[in-house]
Every structure is written in C-alpha cells, then in structure tokens.
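Undergrad: Before anything else, here's the structure in question.
The values are calculated or read from the model by the stated rules, or taken from the named source; none is laboratory data. What you see is a predicted model, and the numbers here were worked out from it, not measured in a lab. Glycine also receives a Cβ, built like all others from the backbone with ideal geometry; neighbour counts cover every protein chain displayed.
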Amino acid sequence: MTASSISSNTLRRAVFPNVSLLTNALLVLGGALFVALSAQISIPLPFTPVPITGQTFAVLLVAGSLGSVCGTLSMGLYLLMGIVGLPVYADHTHGIEVIKGATGGYIIGFIIAGLIVGLMADRGWDKKFSSSVTMMLTGNVVVFLVGLVWLQQVLHTNLADTLKYGLYPFVPGEVLKLYLAGALFPGAWALVRRIRK
C-alpha cells in the first residue's frame, strides 16, 4: 500500500467514519435529486422573479439528515447539475444564466445553509423538535440573507422593494415548511442512519 493510498483512506475514514464511500455518494446524489424535484413545485408570482418553490424545505431536510460534509456536497452537486445543463432549477430551468440572475443567490445560499445546518446537526441540534426547528430556522435565514443580497444587486432595488420581491411573500410558506421539516427530520435522520449501517 502506497503512502498516497494510506492518506486517502485516512481522509475517507475521517470524513465518512465506518461508512462506505459509495453509500455516501449515493446519499449526496439522492439529496441533490430531492432538491431538484422539490424545485419543480413552483408557483410564479406576477410581481417578482422569485417563485414559490419547495426547495428550502428539501435543502433543510437534506442538510440536517446528511450532516455537514454530505449536506454541503449535495447542495454543491445540485448547483453543478444545473450549471452543466440538467433542468433541475425551478420550472426546469438550467444554466449559468440562472445563477447570474435574480434567483441565483438563493441557490448559492443552499450550499452555505447546507454547511451550517449540517454542522448544527453534527453537534446534536437534531435530537429534539425545538432544537430542530431552531436549526431549520437558522438555515432559512442563511438562504434568504444570501438570496436577498444577490437579488438587490441584480435588480438594483432599494431595501423595501428587495424585501417585497424576495422575502415578504414567502414568509407564511416558509414558516409552514420550517415546522414540517422539523417534524419530519427525526424520521429522515433515522432513515439515513439505517442506510449508512
């Protein structure tokens, strides 16, 4: 066994202890596909380029279930799938133009939220419903913070219009998705744990 293979095995065990690389790769792919599927639950609004979608629900559930490494990789894979031409973004859109556009910040925010929510789950925030909801709320804030800053830069809007286009219409649905994700999270986490075993 060479030094490079030993170091790569050591790295794999540190990142994915007691779990095969193939299992984690499939979980990462499954998470990205789940987010892609949820993106197709899309309701356009006439006054904003940002549609109502099921993506944030999926992002939070995937990140909390897979943990920081696989959750972040899954969101990164979702971003990459759309950039290379797979129709995985809302309304079956794809391409770098979507990322450069008004909604691109939300997709970038998915990756950051995947890391933060995953880290919180790694540290036990997933154990109770109350802490799960707090974890999901944190992820939601991250997604919208990045998305709103990006939206403002693309549309050149003031703060009031940015919030009107990119936040206010989505709050009721996000609250519902937040509690739904918090309620489903223990079951999703248990399923992932069973798969990894």
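Undergrad: Out of curiosity, is T134 of a type in the set (V, I, T), farther than 23 Å from L33 by Cα and touching a Phe, Trp or Tyr at 6+ places or on another chain (Cβ under 8 Å)?
TA: Working: of a type in the set (V, I, T): yes; farther than 23 Å from L33 by Cα: yes; touching a Phe, Trp or Tyr at 6+ places or on another chain (Cβ under 8 Å): yes.
Here the answer is yes, as T134 does meet what is asked.
Undergrad: If you take just the helices (runs of 4 or more DSSP H) that sit entirely in segment 102-190, which of them hold at least 1 residues that are buried (at least 17 other Cβ atoms within 10 Å of the Cβ), touching a residue at least 24 places away in the same chain (Cβ under 8 Å) and more than 17 Å from the chain's Cα centre (by Cα)? Show your work before the answer.
TA: Working: elements: 104-122, 129-155, 159-166.
Fully inside segment 102-190 and qualifying: 129-155, 159-166.
Undergrad: Just checking, does segment 65-78 include any residue being under 30 Å from A160 (Cα atoms), buried (at least 24 other Cβ atoms within 10 Å of the Cβ) and under 9 Å from the mean Cα position of the chain (by Cα)?
TA: The first filter runs over segment 65-78 and keeps only residues under 30 Å from A160 (Cα atoms), leaving 75.
Next, from what is left, pick out any that are buried (at least 24 other Cβ atoms within 10 Å of the Cβ): 75.
Checking the rest, the ones that are also under 9 Å from the mean Cα position of the chain (by Cα) come to 75.
Yes, that holds for at least one residue.
Undergrad: Filter segment 23-58 down to the residues that are assigned to a helix (DSSP H, G or I), in contact (Cβ under 8 Å) with a residue 60 or more places away in the chain, under 13 Å from Y89 (Cα atoms) and hydrophobic (A, V, I, L, M, F, W, C) and list them by number.
TA: The answer is V35, and nothing else.
Undergrad: As an exercise: evaluate L167 against (1) under 20 Å from I99 (Cα atoms); (2) modelled with pLDDT under 80 and give the number of the one condition it does not meet.
TA: Every listed condition holds for L167 apart from (2).
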